[in-house]
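Step one of this worksheet: look at the structure below.
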Amino acid sequence: MDQLRAGVRLRIVLGHLGHPLAAAIVAHPTSGTSSPASFQPQQFQYTLDNNVLSLEQRKFYEENGYLVIKNLVSHADIQRFRSEFERICRKEVRPPGLMVMKDVAIVKSEQNLSEKSVTKIQDFQEDEELFRYCTLPEILKYVECFTGPNIMAMHTMLINKPPDVGKKTSRHPLHQDLHYFPFRPSNLIVCAWTAMEHIDRNNGCLVVLPGTHKGPLKPHDYPQWEGGVNIMYHGIQDYEKNNARVHLVMEKGDTVFFHPLLIHGSGRNRTQGFRKV
Ligand SMILES: CCCC(=O)SCCNC(=O)CCNC(=O)[C@H](O)C(C)(C)COP(=O)(O)OP(=O)(O)OC[C@H]1O[C@@H](n2cnc3c(N)ncnc32)[C@H](O)[C@@H]1OP(=O)(O)O
Ligand SMILES: Nc1ncnc2c1ncn2[C@@H]1O[C@H](COP(=O)(O)OP(=O)(O)OP(=O)(O)O)[C@@H](O)[C@H]1O
Ligand SMILES: O=C(O)CCC(=O)C(=O)O
Ligand SMILES: [Fe+2]
Ligand SMILES: [Mg+2]
């Protein structure tokens, strides 16, 4: 917990740099990256040597830049996060530093904050209930496989993807999270993304381009989309169109861990529900 609190202080300092940060958990830059002498460092570049991941899981992350762990977060915890999100939307609690974002399609039409007008909250580090997510032993157990033991929560968000009103504004353009992060080294950063309900292509699942974590950070800018683009939702301009997109279908509680250079985004929500992660 002390280490996580220290990380929150760092995140606030980074926030003063004016960067739009997003969800990430990162290792302290001084934490060890060295492996035991018996280990071949060239074999594993993106995962650290511990006993949590199977060889198969390690190889999968090394090759693809992401790893899905099924049924990791309990439904009881997810219900608590959902309830707290609703309390925030009703303005019953106002955690300091919290940023509330609305979708561009409704930002000018709906005046009152409600669960149906908030697209995302971010920087919930001062909300004890939501920050529990960053302290869950089952999450940290896997995070440590990528960051090492000295873990800091760098940025936090709860995304409430709204039903698309027909302009495709609910999409999140393909991007690399490292574009938003003014800290390094990238291989010691990982994002934990937990489905709070069943998520598939209908409600806009996470879409990844496997293996792109091995490439460089690419230039980002606003997508050339007609009909509406959300402020500060930058996308990659020149991604390889032949690179197969993989749609991650996930059940409630499933969690994907991914590298900050992995190109990913999410499609429109064609249901009437608000897709939560
Ligand atoms: C690890 C990366 C993963 C990611 O999440 S990548 C995306 C990162 N980007 C973000 O997180 C963006 C976060 N959002 C924000 O910073 C803020 O919500 C945002 C969009 C700047 C607006 O903040 P505020 O200034 O507090 O809001 P406001 O209500 O006073 O609006 C100011 C002007 O902006 C407009 N606006 C608000 N939300 C928008 C939206 N979603 N899309 C497009 N325009 C939007 C709003 O209409 C207003 O314009 P005007 O001044 O009235 O003309
Ligand atoms: N032709 C494209 N050009 C640029 N980005 C795209 C293109 N197609 C998809 N994307 C990006 O990839 C994400 C996921 O694509 P996907 O096709 O799943 O979503 P969608 O087009 O919104 O929904 P769907 O195809 O399921 O109706 C989109 O949100 C968008 O960011
Ligand atoms: O859930 C989404 O729609 C996109 C999330 C994302 O890009 C992220 O968590 O970094
Ligand atoms: Fe992202
Ligand atoms: Mg499509």
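The values are calculated or read from the model by the stated rules, or taken from the named source; none is laboratory data. This is a predicted model, so every value here is computed, not measured. Please note: Cβ atoms are built from the backbone with ideal geometry, for glycine as well, and neighbour counts cover all protein chains shown. Ligands, DNA and RNA are excluded from the accessible area calculation, which covers all protein heavy atoms including side chains. Shrake-Rupley method; radii C 1.70, N 1.55, O 1.52, S 1.80 Å.
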Packing-based ranking, highest mean first, of 94-107, 240-253 given that Cβ atoms within 10 Å are counted: 94-107, 240-253
Accessible area in the full protein assembly, largest first, 1.4 Å probe, for F60, F44, F257: F60, F44, F257
Peptides ranked, highest mean first, by Cβ atoms within 10 Å: ranges 223-232, 128-137, 181-190: 181-190, 128-137, 223-232
Rg/Rh (Cα only; Kirkwood hydrodynamic radius) as it applies to the stretch 158-277: 0.95
Neighbourhood charge, 15 Å Cβ-Cβ cut-off, centred on G65 and excluding it, Lys, Arg +1 and Asp, Glu -1: +1
Note, ³J(HN,Hα) from phi for the stretch 203-209, Karplus 6.51, -1.76, 1.60, rounded to Hz, x at Gly and Pro: 9, x, 6, 5, 10, 10, 9
Calculated from backbone phi, Karplus (6.51, -1.76, 1.60) coupling profile of the stretch 133-146 in Hz, x at Gly/Pro: 3, 6, 10, 4, x, 5, 6, 5, 4, 7, 3, 4, 5, 10
Solvent-accessible ranking of H179, H259, largest area first, probe 1.4 Å: H179, H259
S54 - accessible surface, heavy atoms, 1.4 Å probe, Å² rounded to 10: 50 Å²
Values of log10 I(q)/I(0), in the order q = 0.22 Å⁻¹, for the stretch 35-150 under a Debye, Cα-only, solvent-free model: -1.17
Sum of side-chain charges, K218 neighbourhood, beta-carbon under 11 Å (Lys, Arg +1; Asp, Glu -1): -3
With all protein chains modelled, accessible area of K276 [1.4 Å, Å²]: 0 Å²
Integer Hz, Karplus 6.51/-1.76/1.60 couplings in order for the stretch 217-230, x for Gly and Pro: 6, 9, x, 10, 7, 5, x, 7, 10, 8, x, x, 10, 6
